[in-house]
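No value in this document is a laboratory result; all are computed from the given coordinates. Quick caveat, the model's predicted, so the values are computed rather than measured. No Cβ is skipped: glycine too gets one built from the backbone with ideal geometry, and neighbour counts run over all protein chains shown.
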Amino acid sequence: MSKVLMKGNEAIGEAAIRSGCLNYFAYPITPQSEVAEYLARRMPEVGGVFLQGESEVAVSYMIFGAAAAGARVFTTSSSPGISLMSEGISYMAGAQCPAVFVNIMRGGPGLGGILPSQADYFQATKSLGHGDFRLLVMAPASVQEAVEMMMDAFPLAEKYRNPVMILGDGLIGQMMEPVEFPDSKKTEPLNNDAWATSGLDTRKSDTRNLVKSLFLDPEALNNNNLLLKSKYEQMKREEVRFEAYNTDSAYNVLIVSYGTMSRVCRTAIDSMKADGIEVGMIRPQTLFPFPEDQIRAAADVTHCSVVASIEMSMGQMIEDIERSVQGKKPVKWFGKCGGDVPTPEEVVA
Amino acid sequence: MGKTFARPESMSLAVTHYCPGCTHGIIHRLVAEVIDELGICGRTVGIAPVGCAVLAYNYFTFDFQEAAHGRAPAMATGIKRVRPDLTVFTYQGDGDLASIGMGEIIHAANRGEKFTTIFVNNAVYGMTGGQMAPTTMPGQRTTTSPFGRNVDDVGMPIKVAELLAALQTPAYIVRQAVLKPKYIVKAKKAIKRAFQYQLDRKCFSLVEIISTCPTNWGVNPVEAITWAEEKMLPYYKLGEYKTPEDV
């Protein structure tokens, strides 16, 4: 298949269609409104569903209703919008419904700004809504990777019956890069007759299905939370993704960075290498589950004297890195969170 | 002699958790009877609200989803958009629909979403313990309006049927009651028409049902019915506010 030049936001929308998801509900917000604009034209062409909801809160329940009825469905938003969707996402996690949520992050807190940011790391990986739950979070560093992660996200959501988040930033959404949509990543939804409210007749079943997150009995609620926990433990065993860069060198510094920020770091590493300074990098592609073992192993070599968390946030991912390194090496932070992406020169300094 | 009265097949054997004198049981039964009569049990999905009817799914035999407070119309939208062949209804109380969920119901109605809403108005929050609702009557005492609803402070009660009927798109908007048999007969007719319109005309329909809450009103069930007839019905007038013929 040939490559086409596409804006990240449009490529994300097209990737969903190519993966077999034809249902999209959304509310406009900068810097990801192009996804909705693209799909408003594209979904009718492929016989899919496009609906602009009245708010992000409502959209999250449109997603919930559609997913509970057994449909493959997704939405896209940006930071303040994801905060509003967090209510529905919590209900979906509790009721075990699969769907894909894309967060093209902008700066915060509050209205913050409309420029790229990675300030929602905590929200995405620790506490996207009330209650005890996690999302599987993938962080693309290019438009091509955003496409591939989108296409992988639907089968993963269905495998775990849990929402999956693609955590990009404004730059991933706005920049144009050549992309291709691998046919091999098109998938069929898993059979959901055991749980989806698809109508008794369509299942030829005598057992009705009930999608709910309410468990008034303490033992039943505890059991539901144990079941959810077992899924998150399985994610930790089976879904960790990362990329290592220049880690076959005798690096003195190990950078951990993800998304757009990791591309700047890569340029900085190349320029330092030209000056005879070796720096290695681990780029988490999944932020939950976090590549803890891989970071610890990369930090725990004798030539590595310090680990650096480089992020477009004020020291969020650093907590996961410290947890991974377990005090074996000092961990430093560098970052900016106003909307302008740190330059390679700033990283080098 | 044949059986002349039986439990609808769409109703489960479960004993309801509702208080003595509560009218939810009547409304549940009317919905179940209509679904049986239309023969749509196997392709119906109900959506339970937050409030007293949060456990409504225990009393029906078809597929059910449970919404967050006020969000049932958005969930119904999601289901119906991806599965237009299903018959979908939301079952919501006044705190759920007319307060926290006002945005969702107005926009779903205005888009003409092809589902049915059963809106139970008993002028009070039930499950949380009798707090003031947007539909609480002027002067009515609740746990959060202990001196009676002061309309100078919090405004007049919201008339949901009239409000939604003011929109151009929604097709069938009606208010009935379940206070006495004469009202119940009309309420059932309205519920049946609402579902029938969803099936035939592919339009949005809402049935508001004036109901009672003896527990939180602090009266016995008979007094509750009298109070609803005397205080609520003059303000919440029964009847069809909009039919597909008007649209």
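Spatially, the stretch B:206-228 and the stretch B:116-173 are offset by 13 Å when compared through their Cα centroids.
Beta-bridge orientation, the stretch B:24-246: approximately 15 percent antiparallel, per DSSP, counting only bridges with both partners inside.
Take the Cα pairs of chain A, get the Kirkwood Rh, then feed it into Stokes-Einstein at 10 °C and 1.306 mPa s and tell me D in µm²/s.
Details: Rh = 20.7 Å.
My calculation gives 77 µm²/s for D.
For chain A, adding -39500 (n - 2.57) for each run of n ≥ 4 DSSP H residues and dividing by the number of residues yields -12500 deg cm²/dmol at 222 nm. Taken along its principal axes, the alpha carbon cloud of the stretch A:1-114 reaches lengths of 39, 36, 23 Å, longest axis first. Here the relative contact order of the stretch A:141-295, from alpha carbon pairs under 8 Å that lie six or more residues apart, stands at 22 percent. When the protein assembly as shown is described by a simple charge dipole with +1 on each Lys and Arg Cβ and -1 on each Asp and Glu Cβ, the residue from B:Val185, A:Gly173, A:Gly112 located farthest towards its positive end is B:Val185.
Residue by residue, the stretch A:287-297 carries 3J(HN,Hα) couplings of 8, 9, x, 8, x, 4, 5, 5, 5, 4, 5 Hz when phi is fed to the Karplus relation 6.51 cos²θ - 1.76 cosθ + 1.60 (θ = phi - 60°); x denotes Gly or Pro. Counted by neighbouring Cβ atoms within 10 Å, the residues B:Trp217, B:Trp227 run from fewest to most as B:Trp227, B:Trp217. A cut-off under 13 angstrom between Cβ atoms defines the neighbours of B:Thr212, and their net charge, with Lys, Arg +1 and Asp, Glu -1, is -2.
Which aspartates and glutamates, if any, have their Cα less than 15 Å from the Cα of B:Lys237, not counting same-chain residues under 8 positions apart? Excluding near neighbours in sequence, the set is B:Glu162, B:Glu208, B:Glu229. Contact order for chain A, expressed relative to its length and based on alpha carbon pairs under 8 Å spaced 6+ residues apart, stands at 18 percent. Over all projection directions, the Cα-based convex hull of the stretch B:131-191 averages an area of 5.6 nm².
Residues whose amide H comes within less than 5 Å of that of B:Thr44, counting only those at least five positions distant or on another chain, are A:Leu200, B:Asp63, B:Thr87 (H built at 1.01 Å from N in the peptide plane). The label point for A:Gln52 and the one for B:Lys237, both projected 7 Å from the Cα toward the Cβ, are 3.7 nm apart. For the stretch A:181-290, applying the loop criterion from DSSP together with a ceiling of 12 other beta carbons within 10 Å to the trypsin sites (Lys or Arg not before Pro) yields A:Lys204. Applying both filters, DSSP loop and at most 15 other Cβ atoms within 10 Å, to the GluC sites (Glu not before Pro) of the stretch B:6-81 gives B:Glu9.
Taking other Cβ atoms within 10 Å as a rough exposure proxy, B:Ser10, A:Ser230, A:Ser60 sort from fewest to most as A:Ser230, B:Ser10, A:Ser60. Loop-resident trypsin sites (Lys or Arg not before Pro) (DSSP state other than H, G, I, E or B) in the stretch A:1-94 with no more than 14 further Cβ atoms inside 10 Å of their Cβ: A:Lys3. Taking every alpha-carbon pair under 8 Å whose residues sit at least 6 apart, the stretch B:24-246 reaches a relative contact order of 19 percent. Computed over chain B, the P(r) tail beyond 30 angstrom holds 20 percent of alpha carbon pairs. The charge dipole of chain A, taken about the Cα centre with unit charges on the Cβ atoms of Lys, Arg (+1) and Asp, Glu (-1), comes to about 420 debye, rounded to the nearest 20. Going from the fewest other Cβ atoms within 10 Å to the most, the residues B:Phe62, A:Phe25 appear in the order B:Phe62, A:Phe25. Put a dot 7 Å past the Cα of B:Glu37, heading toward its Cβ, do the same for A:Ile277, and the two dots end up 8.1 nm apart.
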